[in-house]
Amino acid sequence: MGTFKGYGGYVGIYPYRELGVGATALQIGRLVEQLLAKSGPTGVHIRDHSSYEASAADDRTRATCEWAAPAGLTTSSSAKRFLQGGIETQDKSKSRLVYRYEYDPSIRSLVQVEPGERVRKSAGAEALGEQIRRMLWL
């Protein structure tokens, strides 16, 4: 996720990546660390979001988008198709918060279902990957 100037919320930003079913905790943790390094303020105004996405998309991102988000995919159908979670991190924090989302049909939205659990950054990528696997019940 990232932020754009002139907009008060977080927006999904590229790149997108996927891992196979057999991915190890270390592979998951390393990939998430790489993506977290790219998240945060984009420095781009929200009116330039489309051109930002076009310049940030690589072949792997485009392929992932085609597979993961076919036209007409709703929040509820996405929740049935994918496990969803979040990771909160701050530059000066010593840990990351890992949590899981579930779809709540009464409000037609994803909601955080548990308070989440913290993983120390110093524990490394494998510990982060293990916590992600536990939170998503992999």
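Things to note:
- In this structure, the amide hydrogen of SER95, modeled 1.01 Å from its nitrogen in the peptide plane, lies closer than 5 angstrom to those of LYS121, counting only residues at least 5 positions away or on a different chain.
- DSSP bridge orientation in the range 15-115 - percent antiparallel, rounded to nearest 5: 100 percent
- Ellipsoid equivalent to the range 11-59 - semi-axes via the Cα gyration tensor, in Å: 26, 12, 7
- log₁₀ of I(q)/I(0) at q = 0.11, 0.13, 0.18, 0.21 Å⁻¹ - the chain, Debye sum with one point per alpha carbon: -0.45, -0.65, -1.29, -1.56
- Net dipole in debye of the chain [+1 Lys, Arg Cβ; -1 Asp, Glu Cβ; about Cα centre; nearest 20]: 260 debye
- Lysines with Cα under 24 Å of LYS121, excluding same-chain neighbours fewer than 8 positions away: LYS38, LYS92, LYS94
- Over the chain: helical MRE at 222 nm, DSSP H runs n ≥ 4 each giving -39500 (n - 2.57), nearest 500: -10500 deg cm²/dmol
- Rounded to the nearest Hz, the phi-derived 3J(HN,Hα) couplings of the range 54-65 under the Karplus curve 6.51 cos²θ - 1.76 cosθ + 1.60 (θ = phi - 60°) are 4, 7, 8, 6, 10, 4, 5, 5, 4, 5, 5, 4, where x marks glycine and proline.
Read-outs: derived from the displayed coordinates by stated rules, not from any lab. Please read all numbers here as calculations on a predicted model, not as lab measurements. Glycine gets a Cβ as well: all are built from the backbone with ideal geometry, and neighbour counts include every protein chain shown.
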